[in-house]
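Colleague: Sharing a structure below in structure tokens format, with a few things to ask.
The values are calculated or read from the model by the stated rules, or taken from the named source; none is laboratory data. Predicted model, so just to flag it, every value in this text is computed and none were measured. Quick reminder, even Gly has a Cβ in these numbers, built from the backbone with ideal geometry, and neighbours come from all protein chains shown. In case anyone asks, the SASA skips ligands and DNA or RNA and just uses the protein heavy atoms, side chains included. Shrake-Rupley method; radii C 1.70, N 1.55, O 1.52, S 1.80 Å.
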Amino acid sequence: RQSTAWSGVEWELTRLVARAILPPPLPGAPSSVKQAVVGQNAELTLGYNTFFLSIVFPDMWDVEPYVQAMCLDVDAMEFRADLLGKREDRFEVLHSLQILRRLCQPHVVRAPALPLVGLEVIDDAMPIVFTVRTAHQAGTWPDDTEEDIGAMFKVLELGLRGGVEVLDVESSWDPVKTDKLLTMAEERYTSNILGSYHEVPDAVSTERAVELYHQCTLNGRAHGAKMVLSVDAESDDETKDRQAYEAGKIFKKNLIDEGKPVIPYLSMMLGEIGQFSRVINERFAPVTHESLPFVAAPGQLSASEIMTLKLVMGLLKPRKYCIIGHNIAYSVSPQ
């Protein structure tokens with residue numbers, strides 16, 4: 001047992017060192033393999049048709065019965081620090097983060113390779129999206145006072161210290177505290193920053209949605225943007241569940257026209273009525289899993305459900321691959 005425990009500590013230390021020596025991520029960096037570090041570049045981390053699964057258990061050990069099945073279908077796990085049983089305890093937050101990584105490690109199949117030394121890589125580290133979702137943005141972290149928000153930023157700092165691959169930073173809070181966090185991330189860490197905004201419960205105009213997308217860039221310092229809107233249930237517009245998607249296209253065009261870094265973005269509409277938005281969303285979709293006893297949010301679909309619907313609707317273009325070599329009989333690619 002001690003040998004197993006020590007090997008886990010050794011693996012985690014190696015992973016932290018590997019992340020620490022990565023080059024800092026740059027907003028809008030290209031996805032070319034020659035120009036980007038796989039697993040470090042947001043264009044790849046938040047890639048097309050990728051998925052992350054929200055962990056909504058108050059105790060990370062509760063994940064254990066489901067983790068093997070979950071790891072087969074997703075590209076990252078979302079660590080919802082606001083849902084932890086002891087969410088303000090520094091040790092418990094970091095320890096829970098370590099437990100989640102340890103539980104995922106034996107079952108990882110889709111994690112990007114993390115460069116170490118020479119040709120050595122770590123290929124069994126499931127990427128983590130570290131999130132502290134506030135009460136007014138569909139989460140549980142209290143956000144009524146300055147003390148509440150200050151405590152939230154302290155927990156976000158723990159995410160950086162834990163070497164997470166993606167740090168979700170809500171874009172609507174104190175600019176001074178946000179600047180301090182982003183400066184710390186840029187100077188000392190290598191996490192990708194995902195600027196986010198959840199409009200709950202009221203619907204907004206498309207023009208306002210585009211403004212909120214720009215807000216999620218965190219003044220050009222975010223590596224990705226996440227926008228979640230509420231559907232106007234009383235509207236007769238048949239395309240109302242496409243609003244976040246359409247606003248995202250306008251947002252991207254604005255960035256190109258203004259010569260600003262073009263960052264990957266994900267867009268969704270809330271609730272059962274907004275399910276279609278989860279299908280047409282192109283990147284890094286939050287999903288549930290068939291093995292779980294409940295869904296993290298109303299209307300949430302599994303990765304397999306989304307991909308099946310994309311195929312049925314013709315949203316995925318067929319691709320052909322070839323294998324060059326001899327002998328290829330034992331290649332796993334055709335399987």
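Colleague: Here is a check on your reading of the model: is ALA244 small (Gly, Ala, Ser), farther than 24 Å from THR50 by Cβ and either assigned to a helix (DSSP H, G or I) or out of contact with any Cys (no Cβ under 8 Å at 6 or more places or on another chain) (or both)?
Modeller: Details: small (Gly, Ala, Ser): yes; farther than 24 Å from THR50 by Cβ: no; either assigned to a helix (DSSP H, G or I) or out of contact with any Cys (no Cβ under 8 Å at 6 or more places or on another chain) (or both): yes.
Here the answer is no, as ALA244 does not meet what is asked.
Per-residue answers, yes or no, for (1) free of Cβ contacts under 8 Å to residues at least 40 places away in the same chain; (2) under 20 Å from PHE276 (Cβ atoms):
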site	(1), (2)
PRO175	yes, no
ASP179	yes, no
THR190	no, no
LYS226	no, yes
LYS240	yes, yes
GLY248	yes, yes
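Colleague: Note down all Cβ pairs under 8 Å where the first residue falls in the range 297-309 and is surrounded by fewer than 16 Cβ atoms within 10 Å (Cβ to Cβ), the second is among the acidic types (Asp, Glu) and assigned to a helix (DSSP H, G or I), and they're at least six residues apart or on different chains.
Modeller: Short answer, once both residue conditions are applied: PRO298/GLU272.
Colleague: Taking into account only those residues within the range 173-230 that are more than 22 Å from ILE128 (Cβ to Cβ) and touching a Ser or Thr at 6+ places or on another chain (Cβ under 7 Å), which is surrounded by the most Cβ atoms within 10 Å (Cβ to Cβ)?
Modeller: Checked the range 173-230; the qualifying residue surrounded by the most Cβ atoms within 10 Å (Cβ to Cβ) is GLU199.
Colleague: Please list, ordered by first then second residue, the pairs with beta carbon atoms under 7 Å, 6 or more apart or interchain, first in the range 310-322 and under 19 Å from PHE51 (Cα atoms), second not in a helix (DSSP H, G or I).
Modeller: Pairs that qualify, where the first residue is under 19 Å from PHE51 (Cα atoms) and the partner is not in a helix (DSSP H, G or I), are LYS310/LEU316.
Colleague: For the range 68-92, name all the residues that are in contact with a strand residue (DSSP E or B) (Cβ under 9 Å, 6 or more places away or on another chain) and either in a helix (DSSP H, G or I) or of a type in the set (D, E, K, R) (or both).
Modeller: MET70, CYS71, ASP73, ASP75, GLU78, ARG80, ALA81, ASP82, LEU83, ARG87
Colleague: Just for the range 45-87: of the residues that are open to solvent by less than 30 Å² (accessible area, probe 1.4 Å) and of a type in the set (Val, Ile, Thr), which one is nearest to LEU266 (Cα to Cα)?
Modeller: Here the residue is THR50.
Colleague: Search the range 258-272 for residues being part of a loop (DSSP other than H, G, I, E, B) and either free of Cβ contacts under 8 Å to residues at least 40 places away in the same chain or of a type in the set (Ser, Thr, Tyr) (or both), and hand back the single one that is least open to solvent (accessible area, probe 1.4 Å). First the steps, then the outcome.
Modeller: Here is the first cut: in the range 258-272, the ones part of a loop (DSSP other than H, G, I, E, B) are 258-264, 270-271.
From what's left, either free of Cβ contacts under 8 Å to residues at least 40 places away in the same chain or of a type in the set (Ser, Thr, Tyr) (or both): 258-259.
Working: GLU258: 101, GLY259: 69 Å².
The extreme case among them is GLY259.
Colleague: Look at LEU119 and say whether it is over 25 Å from MET184 (Cα atoms), among the hydrophobic types (A, V, I, L, M, F, W, C) and open to solvent by 50 Å² or more (accessible area, probe 1.4 Å).
Modeller: yes
Colleague: I would also like to ask the following. Out of GLU146, GLU170, which single residue is crowded, with 16+ Cβ neighbours inside 10 Å and not polar (S, T, N, Q)?
Modeller: Details: GLU146 fails: crowded, with 16+ Cβ neighbours inside 10 Å.
Result of the check over GLU146, GLU170: GLU170.
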